[in-house]
Amino acid sequence: PPLKSSVKRIMSLHGADVFLAAAEISEKLHGADGDCAALCRVIVSGNEPYRISDLAVNGTDLINAGVPKENVGGILTRLLDAVIDSPGLNTREALINLITK
C-alpha cells in the first residue's frame with residue numbers, strides 16, 4: 001500500500017484534485033485496487049496537513065520569531081515536510097520551537 005506521507009508530498013506538489021484524478025485514471029487503466037485515491041480522500045476529508053497553508057504558522061509568524069524574510073519560504077517548506085512525517089507537530093508552539101532551535 002502507498003505511504004500516507006508519500007501521497008501527501010505528491011498532493012502538496014500537484015494539488016489534491018489533480019492527484020485524485022490521476023490516481024483514479026491510473027487505477028482504471030491498470031486495474032489497481034484504489035489505495036491511492038482512497039488515501040487521498042482520507043487525507044482531504046480528515047483535514048490532514050499537506051499544503052503550506054495547512055501549517056499552524058505562516059510567514060508573518062516566522063518573521064516575528066526572527067526569521068529573515070528571504071528564508072521564510074524555505075523554512076515553511078521544511079516545516080511542511082516535518083509535519084507531513086509527524087502531523088502532531090502541526091501546532092504553533094511546536095513549529096516555532098523547531099525553527100528557534
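Would you work out the relative contact order for the chain, in percent, from Cα pairs under 8 angstrom that are 6 or more residues apart?
Details: 84 pairs, mean separation 27.5, N = 101.
27 percent.
Using 0.36 nm times the number of residues separating ASN64 and LEU13, minus their current alpha carbon distance, what extension gain do you get? Before the final figure, lay out the partial values.
Numbers: separation 51, 0.36 × 51 = 18.36 nm, distance 2.71 nm.
Working it through step by step, the gained length comes to 15.6 nm.
Looking at the P(r) of the chain, how many percent of alpha-carbon pairs lie beyond 19 Å? Could you put the intermediate results ahead of the total?
Numbers: 2291 of 5050 pairs.
In whole percent, the share of Cα-Cα pairs in the chain beyond 19 Å is 45.
Please give the net charge around ASP81, taking every other residue with its beta carbon less than 11 angstrom from that of ASP81, where Lys and Arg add +1 and Asp and Glu add -1.
Values: positive: LYS8, ARG9, ARG78; negative: ASP85.
My count for the surroundings of ASP81 gives +2.
How are the Cα pair distances of the range 26-72 distributed, in percent, across 10 Å bins from 0?
22, 29, 21, 17, 10, 0
Just so you know, all these numbers are worked out from the coordinates, no wet-lab data involved. Please read these numbers as outputs of a predicted model, since none were measured by experiment. Every residue, glycine among them, receives a Cβ derived from its backbone with ideal geometry; neighbour counts consider all protein chains shown.
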